1. By the gyration tensor of its Cα atoms, with a ≥ b ≥ c the square roots of the eigenvalues, what is the shape of region 392-495: rounded for a/c under 1.5, prolate for a/b over b/c, or oblate?
2. Normalised radius of gyration for region 444-600, please: alpha carbon Rg relative to 2.2 N^0.38 Å, two decimal places.
3. Counting only protein heavy atoms and using a 1.4 Å probe, what share of the accessible area of the chain belongs to carbon plus sulfur, as a whole percent?
4. Arrange the residues 472, 491, 134 by how much accessible surface each exposes, largest first, with a 1.4 angstrom probe.
5. Keeping all protein chains in place and using 1.4 angstrom, which order do 130, 632 fall into by accessible surface area, from largest down?
6. Output wanted: per-residue J couplings in Hz (rounded whole) for region 554-570, from phi through Karplus 6.51 cos²θ - 1.76 cosθ + 1.60, θ = phi - 60°, x for Gly and Pro.
7. Can you tell me the alpha carbon radius of gyration of region 476-568 divided by the globular rule-of-thumb value 2.2 N^0.38 Å?
8. Could I get the Rg over Rh figure for region 424-477? Both from C-alpha atoms, Rh via Kirkwood, rounded to two places.
Amino acid sequence: MCLNNLGKNFFIFCLFFISCFLQGCGGSDKGETEQTSKAIIPIAFSGENSVTEAQKLSITATAIGATSYSWTISDNSIALSGSDSDTVSFTAPSIDKDTAITLTLNVTGSNASGSDTFEIIMNRKVSKVMIRGLVTDKPIANAIVTFEAGTDSQQTTTDAEGNYDITLEIDESNANKLLKATAIGDETNEAVEFVSLLPAAATLEKAAGEDGILDSNDEFGVNITNVSTAEYILLLKANNDKEITSEKQLESLAIEIDPQEKLELAAVIKLIVDHPDYHLPESFQSTLDFITDEQATEIYVFEVESKNPTALNNVIEEIKADDTLIGVLTPITIGEYLITSPQYYSSSSLHINLLADNFAKVSQSIGAGEGTWQQTDNGISIALTTPIKSENISYCTDEYSGDQFECQETITHLAIELIAMNDRHYDISYQFSGIKKDINNQYEDKAIDYYLPSTASLIPVNNTIIQTEAKLHGNWNIDDFIDGPHSEPALVTFTDGGVGTAVISDEAYSLTWQINASQLTVSVPDYEHTTTDINGIETLHIGLTNQYWFIKQSDVLSQTISLSANGKTSSALFVKNQPNLAFTHEDAVGGWLFHNGRTIYRYDLYEDGSFIPDWNWEGNPYKWSITDNGEMLRERERCDFTYDGKEAVSYTHLTLPTIYSV
């Protein structure tokens, strides 16, 4: 077919137009193909999906073909390391509850990209311990038991037998805080509010048995009882009614509790809870509320004993026989022990050494003895074949003739009954027995009938406070430094190298000293002193050696038990010497407390220079003043002679026991 030029040109134009149109459409299809064919890079993660607070976690991504990485985290406060690499890491922050977070990873490569997420749980750092215990006085069913440590609190309920199980998870921030367990009775035991103060959860976690369960064999405080409640109240009292915040504080205060006072308070609770004839006073909400009020408790005890003098003692014996209240006691074995009442400064103290082959040595304030010891069902018994003899003469009356004769007090036996125990000491009751022996051997021996049981703490010497040389360096006033009645304190200086000085009655002597474990030994080789025995025979002693064990301690004051070379024991205070410290009139005015043996006295000093002791049975006025050198002088007024038919008044200096608290 032939076309003219016009037709030919038109045909070419149409072909060009169609070609252009087709090329335009074809170009658009090619671009879309290039976009939709860009590859997706698959991502695989490796690493733990949980982390504990304060721990570091690393996550690695495998993304074949990826050339760039970009990690982000859902919690912007957490800093990422390696956020532009295949491995990212971070340290989990402190948290107060388990928390979920998300890591997001975006990757790109040559004509490829990918994105994925990784979920992580951040767990609290906790001390976890399962506790199995008992709420009892009698078993308290359906009691609500609450454990508190700082801001953590968990609850459970006792079964019909008073038993409970609970798994505690205590946050790291509270893991070293004491655990306080409280049990509240239901409507059938409305008076019940018991408390037990336990060591910190971190400590209990380590103390749990091989099965991971903490029970009363591991920590007796998991039994929440009338006894633990009484102990809690007395601990607060010893701490000036402030909550106890550390295990060290708890341990040091526990030894200050009077075992008899604890038993009496526990007996009051048991009477109210168990015995139908006794009830909680109407003005109180619970037993805890009630025994916190010391005055109300004293009135209640007086009323109980007025109606039934044996009621409390009978209940105390019930408590002592109940293992769920007192615990199973570990027998006393071979070792060196102190018997003392740390809460009563200057109370009687004993040193006992139980040796192999049942040989025993006993020292107390009047002397030392030796004999044999053996375990009993509830303690030990010591028979002194070499008895402890008093250095003082007393007078006895022959029951047949009525004659009086000079006699000597002789201790022949010591019985110790275990009441309770903790990691540091036993609560005990101890009693001497003995005779009064005619020193001229003319009359029969007379049994001593005035020794009564005493409650105290029995402390292994290894459990007393360990001293360091740095703590002892300096000047100290030490009372009962020399053997003798009403001896003045000595000013003792401890210096480097185990040497020092002792100023005794204004005369200075050189001394040596050393620390062996918990025992401090002080020797003054040149000090001479004379003792007189019951027959008036004097003995010259050259040298003085005292051993000390520290029972209580603060920065400026320590309470110790001392043992002299002649076998006598005493309670001795170490008081940091502060030469610039002096009384002022303003300091002295007010109420003062002081300890004399087991008795705490009070007297009030008034602005006008008079003072009234609560033990002023004579009814005579007393005076006080501050000397020029800042010492407090206390005087007693008495009418002691007559002149020209008139009574004359004299003021005589009165020596009073050491005051240690205001």
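1. It is oblate, given that a/c is not under 1.5 and a/b is not larger than b/c.
2. Normalised Rg, Cα atoms only: 1.20.
3. Answer for the chain is 49 percent, counting heavy atoms of protein chains only.
4. Largest accessible area first, the residues go 491, 134, 472.
5. 130, 632
6. 10, 5, 10, 8, 10, 10, 10, 10, 10, 10, 7, 5, 8, x, 9, 10, 7
7. Output field value: 1.11.
8. My calculation puts Rg/Rh at 1.29.
The values are calculated or read from the model by the stated rules, or taken from the named source; none is laboratory data. None of the values given here were measured: they were computed from a predicted structure. Methodologically, a virtual Cβ is constructed for each residue, glycine included, from the backbone with ideal geometry; neighbour enumeration extends over all protein chains shown. Protein only, heavy atoms only, side chains kept; ligands, DNA and RNA dropped before computing areas. Shrake-Rupley method; radii C 1.70, N 1.55, O 1.52, S 1.80 Å.
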